[in-house]
Amino acid sequence: MTDTQSISDHWGSGDVYSRILQAMQAAGIDPETVTVEQLAPVDHFHARGFPATIELADELPITAGQRIVDIGCGIGGPARYLAQRFDCHVSGVDITGPFVDAANSLTALVGLQDQVACRTGDGQNLPYEDSVFDGGYSQHVTMNVADRAAFFGEAFRVLKPGAFFALTEHGLGVTGNPHHPVPWSKDGTGAYLIQPSETVAALEETGFSDIQMRGTGDKYLEGYNRAIELAEKGELPVFGVHILLGKQAPQIVRNAARNIEENRTHPIQIICSKPG
Ligand SMILES: C[S@@+](CC[C@H](N)C(=O)[O-])C[C@H]1O[C@@H](n2cnc3c(N)ncnc32)[C@H](O)[C@@H]1O
């Protein structure tokens, strides 16, 4: 089994779309009329979910009609949100086939199939022509990426000169050695965290410029602690990302919080650009 296959198996198997539909119905959401906003508790599959996507989007210079690439698009929540908000086109790519299938079915459900299309593929070898996108982003994907030079090189290749590239990830903290399981790995298998300074150096080496980085640990910690509190009170919503995280969800969330508190991980957001 290749490393990529085991990472994909870790994230999603079986009929992810049916599981989401069942949870939607259990939460009283009608699939016939569901909106991008109603899907948000599940389909923004990263720390802090939808609010984090909104805050990132606030900083992106996207205009109507542009072509944007989402590398590691998951089940497509961020892609649909950006497409709807900016009236742009988003191409998503992800190594996890069941996520891509769910992404395309959810996109059809909300009627955005003319603006959003997801396909299976590896961010280290993108299935797109050179210089075709006005911007790109990758939210919480690179923790599983062994070859950062290839991943960033591919993003650089498919972007037009002057395009933006945004990245969020859990970097390696100064203490290192994160507690597992975490969302991206059960036991450390398939996990390739590097320190934020190494990520910046890799982006610079690729050719990206205007690299703006900031720590997001405090905000993530707040989000994780809120989820822990709700879980302890038995008040977690039926329709939430635990559908995707599986049985280990409570432990995963606790570890994600502890790792930040103990400086084992150091979450960051980076926005940079391909020189014009
Ligand atoms: C935490 S989820 C984030 C999904 C999405 N970006 C979001 O924010 O909703 C991580 C995603 O990265 C994908 N992934 C991991 N390694 C990848 C790679 N080399 N190429 C493309 N996708 C990858 C996984 O399949 C998974 O869908």
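So if I take the centroid of the Cα atoms in segment 1-67 and the same for segment 227-242, what is the distance between those two points in Å?
17 Å
Quick one: compute the contact order of the chain, relative version, from alpha carbon pairs under 8 angstrom and 6+ residues apart, as a percent.
For the chain, the relative contact order is 21 percent.
Lysine pairs, Cα distance under 25 Å, 8 or more residues apart or cross-chain: how many in the chain? Mind dumping the intermediate values first?
On the way: LYS160/LYS274; LYS186/LYS219; LYS186/LYS247; LYS219/LYS233; LYS219/LYS247; LYS233/LYS247.
The number of close lysine pairs in the chain is 6.
Ignoring ligands, DNA and RNA, please state the percent of accessible area on segment 7-61 from carbon and sulfur, probe 1.4 Å.
Accessible surface attributable to carbon and sulfur in segment 7-61 totals 52 percent.
Can you classify segment 1-75 as rounded, prolate or oblate using the Cα gyration tensor, where a ≥ b ≥ c are the square roots of its eigenvalues, rounded means a/c under 1.5, and otherwise it's prolate if a/b beats b/c and oblate if not?
On the way: a/c = 2.03, a/b = 1.08, b/c = 1.88.
Because a/c hits 1.5 or more and a/b fails to exceed b/c, segment 1-75 counts as oblate.
Extending each Cα 7 Å along its Cβ direction at THR120 and SER197, get the distance between those two points in nm, one decimal.
Label-label distance for THR120 and SER197, simple model: 4.1 nm.
Quick one: 3J(HN,Hα) in Hz for segment 189-194, Karplus 6.51/-1.76/1.60 with θ = phi - 60°, rounded, Gly and Pro as x.
5, x, 9, 9, 6, 10
Leaving ligands and nucleic acids out of the surface, order THR35, THR265, THR120 by accessible area at 1.4 Å, largest first. Walk me through the numbers before you get to the answer.
Numbers: THR35 55, THR265 5, THR120 80 Å².
Greatest to least solvent exposure: THR120, THR35, THR265.
Using helices alone, what [θ] at 222 nm do you get for the chain, with -39,500 (n - 2.57) per DSSP H run of 4 or more residues, divided over all residues and rounded to the nearest 500?
-12500 deg cm²/dmol
Can you give the net charge of the other residues whose Cβ lies under 12 Å from the Cβ of ARG157, counting K and R as +1 and D and E as -1? All intermediate terms of the calculation are to be shown ahead of the outcome.
Working: positive: LYS160, LYS274; negative: GLU129, ASP130, GLU154.
Summing Lys and Arg as +1 and Asp and Glu as -1 gives -1.
So, in nm, how far is label ASN177 from label GLU261 when the simple model puts each one 7 Å beyond its Cα toward the Cβ?
Output for this residue pair reads 1.8 nm.
Express as a percent, rounded to the nearest 5, the fraction of DSSP beta bridges in the chain (both residues included) that run antiparallel.
Taking every DSSP beta bridge within the chain, about 45 percent pair in antiparallel fashion.
Sort segment 3-273 into rounded, prolate or oblate with this rule: let a ≥ b ≥ c be the square roots of the eigenvalues of the Cα gyration tensor; rounded if a/c is under 1.5, and if a/c is not under 1.5, prolate when a/b is larger than b/c, oblate otherwise.
It comes out oblate by the Cα gyration axes.
Starting from the amide H of CYS118, placed 1.01 Å from N in the peptide plane, find each other amide H under 5 Å away whose residue is 5 or more places distant or on another chain.
Residues meeting the criterion, in which the H sits 1.01 Å from N, are GLY92.
Roughly how many Å² is the accessible area per residue of segment 3-273, as a whole number, for a 1.4 Å probe?
Normalised by residue count, the accessible surface of segment 3-273 is 42 Å².
The values are calculated or read from the model by the stated rules, or taken from the named source; none is laboratory data. Here the structure is a predicted model, which means the values were calculated and not measured. Neighbour counts are summed over all protein chains in view; Cβ atoms, including those assigned to glycine, are modelled from backbone coordinates with ideal geometry. Just so you know, the surface numbers come from the protein's heavy atoms only, side chains and all, with ligands and any DNA or RNA stripped out. Shrake-Rupley method; radii C 1.70, N 1.55, O 1.52, S 1.80 Å.
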